[in-house]
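Down below is the structure, laid out as structure tokens.
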Amino acid sequence: MTEYISITVFERPFKHSAYFNKRLRTTGGRYILNTHNIEINEKQYDAFGENAVIDIIKHELCHYHLHIQGKGYKHRDKDFKVLSSQTGSPRFCSAIESYEDRVRYIYKCSNCGAKYARIRKVNINKMFCGHCKGKLIEKNVFKNVNLIKKRVENINSLFIMNH
């Protein structure tokens with residue numbers, strides 16, 4: 001499929017390997033500079049189907065062809081932005097899990113009571129409330145997968161600020 005997309009969309013051959021990588025979690029795919037191979041997140045196919053994988057392949061082929069040609073292949077480079085728009089390659093893929101599903105930590109302001117849901121742990125000695133500059137307290141830590149249903153219900157109420 002990758003070879004076909006490369007020829008039809010980019011009018012250039014793809015001479016390396018493209019394959020699914022089950023270990024990818026936070027990205028739709030990646031182009032590996034050293035080997036010129038493309039890895040695709042299998043979960044994207046499971047969740048969104050063939051069209052999502054085609055979009056990911058087109059995006060990674062932009063990196064591939066620009067790198068092979070010695071042009072700017074990074075997201076911030078003008079060459080990448082131009083080729084991406086010419087080929088209809090999306091900048092991002094759909095997230096498999098929503099932000100609410102990925103939240104692991106909930107912090108609460110000790111002063112005003114504002115709540116913050118975060119995926120990563122924050123240093124409460126350096127961070128403070130964005131509303132009143134109060135001290136943050138770690139309220140909940142979700143580690144158990146069975147708590148996901150409760151978490152979603154709780155987090156939906158968190159985004160409504162309580163003062």
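The values are calculated or read from the model by the stated rules, or taken from the named source; none is laboratory data. In this text the structure is predicted, and so the values were computed from the model without any measurement. In this analysis, Cβ positions are derived from the backbone assuming ideal geometry, glycine residues included, and neighbour counts consider all displayed protein chains.
Structure values in brief
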item	result
Single match in Ile148, Ile137 (criterion: at pLDDT 85 or above, among the aliphatic types (A, V, I, L, M) and surrounded by 11 or more Cβ atoms within 10 Å (Cβ to Cβ))	Ile137
Of residues in the range 76-93 being over 15 Å from Phe10 (Cα atoms) and of a type outside the set (A, V, I, L, M, F, W, C), the one surrounded by the fewest Cβ atoms within 10 Å (Cβ to Cβ)	Arg76
Residue match in the range 34-47 (condition: among the polar types (S, T, N, Q) and assigned to a strand (DSSP E or B))	yes
Single residue of Tyr4, Tyr64 found to be surrounded by 16 or more Cβ atoms within 10 Å (Cβ to Cβ), more than 29 Å from Ala117 (Cα to Cα) and at pLDDT 85 or above	Tyr64
Matching residues, the range 11-68, being among the basic types (Lys, Arg) and either within 27 Å of Val103 (Cβ to Cβ) or touching a helix residue (DSSP H, G or I) at 6+ places or on another chain (Cβ under 7 Å) (or both)	Arg12, Lys22, Arg23, Arg25, Arg30, Lys43, Lys58
